[in-house]
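First the structure, in the form of structure tokens, and then the observations on it.
The values are calculated or read from the model by the stated rules, or taken from the named source; none is laboratory data. Only a predicted model underlies this, so the values are computations on that prediction, with no experimental measurement involved. Note that each Cβ is placed from the backbone with ideal geometry, even for glycine, and that neighbours are counted across all protein chains shown. Note: areas computed on protein heavy atoms with side chains; ligands, DNA, RNA excluded. Shrake-Rupley method; radii C 1.70, N 1.55, O 1.52, S 1.80 Å.
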Amino acid sequence: MVKTIFIFCILAIFTMALSNTNYRFEKPSHFPEALYDFSKNPLKPEIIELGRKLFYDPILSKDSTISCASCHSPFNAFAHTDHDLSHGIRDQIGFRNAPALFNLAWHSNFMWDGAVNHLDMQALAPISSHTEMDEDISNICLKLSMSDNYQKLFEKAFGNNNISGERVLKALSQFQLSLVSAESKYDSVIQNLTVFTPQEKKGYELFLKHCNSCHSEPLFSNFQFADNGLQIDTTLNDFGRMKVTQNKADSLKFKIPSLRNLQYSYPYMHDGRFKKLSEVLNHYVKGIENRPGLAKDLAKKIPLSSTEKVDLIAFLLTLNDKKFVFNKEFGFPKLDK
Amino acid sequence: MRLLLIILFPIVTFAQESQIRFKPTFNAHEIEIGKSYPFEKRSISIENLKFYISNLVIILNDKIVFQDSLPARLIDIENKISLSINVKNGLKFDKIVFNLGIDSITNVSGAFGGDLDPTKGMYWTWQSGYINFKLEGKDPLCKSRHQKFQYHLGGYAAPYNSLQLISLNLDKKSTRAEIRLPIDKFLKAVNPQNQSEIMSPGSRTVELSAILKQLFVVRSW
């Protein structure tokens with residue numbers, strides 16, 4: 001009896017080891033631990049691939065015209081550069097700029113105001129929004145179940161072809177979690193593979209002094225919320241975080257965005273008000289509106305000469321990750337016959 | 001193996017099934033969807049009633065005798081099966097404890113399946129969080145479009161955490177319990193005429209969730 005149990009256990013362990021084709025999330029060595037709990041959604045190449053299919057498929061919208069990629073384009077580091085405010089279904093205009101998507105496993109909150117608390121649940125927002133995709137997750141499951149191709153893909157990914165909201169969301173998360181950007185020049189410098197030019201180095205020092213408290217390296221954000229003194233756009237009256245917490249102290253606070261891949265992800269800020277980095281720096285140097293909620297770190301003037309601005313921009317450009325933006329594995333998936 | 005069968009057989013056949021039934025009522029009658037009910041000199045109807053219960057435990061003499069294997073259940077009057085919960089056969093109990101709604105840990109832990117699958121329509125989309133309790137219907141005095149009222153109660157984050165711990169003592173030890181939820185009393189508290197919609201977490205959702213907590217009544221049957 002004991003012997004059979006023993007043999008059974010050995011066999012079980014052996015088969016578990018064999019079937020464990022789970023893909024390890026590759027954390028860049030100079031990054032902190034990721035926040036996403038992979039034990040609840042273990043990465044698997046087939047699930048990532050399914051997520052990629054879904055991300056690029058307009059089937060997620062009511063009239064099959066808008067996919068996630070309509071607003072999050074791979075060539076823009078998954079932001080959108082044509083519009084300051086995002087454009088959705090039937091050409092409706094949203095009220096915020098589509099942020100770039102990468103290194104999402106390290107984010108603690110999602111959306112400019114942190115309305116979403118977990119990457120898995122994020123997709124429900126654009127899917128259900130009347131101005132974005134105007135769909136419903138249960139109807140998406142229905143549409144997907146009518147596709148032989150998706151049935152096969154779910155089977156491959158999850159072992160059977162049950163199509164549930166949970167699976168759709170987890171697959172979308174997996175693809176998005178795979179979007180790691182950590183191969184910019186900055187990353188090579190940090191790993192001692194190359195060096196900054198003297199100008200970039202000066203810019204780096206200015207960055208550490210004036211920007212790093214919020215846009216903290218190596219992710220270039222601490223993912224907190226702050227009021228960086230942008231003048232309020234009265235056509236939008238977007239008070240940011242306050243809408244979620246209903247706390248006055250959070251008025252005009254927005255999620256601090258990463259500064260990686262800025263070359264690809266313009267225009268900048270939650271409403272896409274700035275097209276160029278020079279405009280962003282002009283804001284920090286002389287545009288900040290002093291008001292009660294303004295972040296303490298920005299209360300004192302940031303005095304940057306015009307050469308210093310150029311230096312700082314030179315540094316910011318070392319955060320562009322061309323390999324990430326042109327990585328074929330993240331692009332439009334191959335079409336199935 | 002045969003021995004096991006001989007032992008099990010009588011238990012399976014003779015033990016009475018233990019069960020908890022949820023019975024949402026209007027003027028003391030079990031609610032039927034779409035039916036008109038007299039309410040304060042007018043007649044109103046219920047079109048949708050769903051709520052989550054989670055972490056259900058059953059107690060006898062202050063000891064937990066049964067713990068639900070499911071983390072949460074969606075009680076939906078349109079889905080009759082969801083109204084009854086079978087517990088271990090023959091089990092007697094004198095107290096039932098559960099959460100009305102979904103706890104904050106579950107609310108921040110990503111996607112779940114089963115009754116917690118977002119296709120169940122009990123998840124806010126533009127802002128994270130489960131809807132703990134959903135009641136929709138019609139009242140001729142509602143000023144809203146189509147005279148509809150819609151109450152979506154939920155919210156897990158302080159200070160607007162709407163989760164309620166419901167603890168119900170039975171009048172006597174029993175294998176069966178019926179839990180009633182008088183919706184007419186809830187509507188009296190909200191007054192659809194004054195407020196036809198509650199769609200997001202806030203102080204009002206917390207208030208109304210606390211009122212719901214007081215309305216549950218249990219009896220053995």
Looking at the range A:280-307 only, could you name the residues that are part of a helix (DSSP H, G or I), open to solvent by 60 Å² or more (accessible area, probe 1.4 Å) and of a type outside the set (Gly, Ala, Ser)? A:286, A:296, A:297, A:307
So, in the range A:82-112, exactly how many residues are within 14 Å of the chain's Cα centre (by Cα) and either within 14 Å of chain B (Cβ to nearest Cβ) or part of a helix (DSSP H, G or I) (or both)? 9
Quick one: residue B:177 ticks every box in (1) within 14 Å of another protein chain (Cβ to nearest Cβ); (2) more than 20 Å from residue B:48 (Cα to Cα); (3) assigned to a strand (DSSP E or B); (4) not acidic (Asp, Glu) bar one, so which box is it? (1)
Would you check if residue B:157 is surrounded by fewer than 18 Cβ atoms within 10 Å (Cβ to Cβ), of a type in the set (A, V, I, L, M) and within 12 Å of chain A (Cβ to nearest Cβ)? yes
If residue A:132 satisfies all but one of (1) open to solvent by 30 Å² or more (accessible area, probe 1.4 Å); (2) facing chain B (nearest Cβ under 9 Å); (3) touching a residue at least 40 places away in the same chain (Cβ under 8 Å), what's the number of the condition it fails? (2)
Hey, among the residues in the range A:207-229 that are crowded, with 19+ Cβ neighbours inside 10 Å and among the aliphatic types (A, V, I, L, M), which one's farthest from residue A:104 (Cα to Cα)? A:226
Expected output for the range A:47-63 (first residue assigned to a loop (DSSP other than H, G, I, E, B), partner open to solvent by less than 30 Å² (accessible area, probe 1.4 Å) and of a type in the set (Ser, Thr, Tyr), Cβ below 6 Å, 6+ apart or cross-chain) is A:56/A:67; A:57/A:67
The condition of being within 30 Å of residue A:277 (Cα to Cα) and open to solvent by 30 Å² or more (accessible area, probe 1.4 Å) holds, among A:57, A:82, A:63, only for A:82
Of the residues in the range B:113-154, those that are closer than 22 Å to residue A:173 by Cβ and in contact with an Asp or Glu (Cβ under 6 Å, 6 or more places away or on another chain) come to B:113, B:117
Return the residue satisfying two criteria in turn: it lies in the range A:36-67 and is touching a Phe, Trp or Tyr at 6+ places or on another chain (Cβ under 6 Å) and of a type in the set (A, V, I, L, M), and of such residues it is farthest from the other protein chains (Cβ to nearest Cβ). A:48
Say whether the condition of being within 11 Å of chain A (Cβ to nearest Cβ), aliphatic (A, V, I, L, M) and surrounded by 15 or more Cβ atoms within 10 Å (Cβ to Cβ) is met by at least one residue in the range B:128-143. no
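Does residue A:159 satisfy the condition of being within 14 Å of chain B (Cβ to nearest Cβ), of a type outside the set (Asp, Glu), under 30 Å from residue B:109 (Cβ atoms) and open to solvent by 30 Å² or more (accessible area, probe 1.4 Å)?
Details: within 14 Å of chain B (Cβ to nearest Cβ): yes; of a type outside the set (Asp, Glu): yes; under 30 Å from residue B:109 (Cβ atoms): yes; open to solvent by 30 Å² or more (accessible area, probe 1.4 Å): yes.
Judged against the criteria, residue A:159 is a match.
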Checked B:45, B:128, B:109, B:104 against criteria (touching a Lys or Arg at 6+ places or on another chain (Cβ under 6 Å) and of a type in the set (Gly, Ala, Ser)); the one match is B:45
Among A:173, A:188, which is the only one that is within 11 Å of another protein chain (Cβ to nearest Cβ) and either over 22 Å from the mean Cα position of the chain (by Cα) or not acidic (Asp, Glu) (or both)? A:173
From the residues in the range A:140-156 that are away from every other protein chain (no Cβ under 14 Å) and among the basic types (Lys, Arg), which one is farthest from residue A:25 (Cα to Cα)? A:152
Show me the helices (runs of 4 or more DSSP H) entirely contained within the range A:159-244 in which 1 or more residues are of a type outside the set (A, V, I, L, M, F, W, C) and farther than 17 Å from residue A:122 by Cβ. A:185-190, A:198-210
Considering residues of the range A:235-250 that are open to solvent by 50 Å² or more (accessible area, probe 1.4 Å) and not basic (Lys, Arg) only, the residue farthest from the other protein chains (Cβ to nearest Cβ): A:235
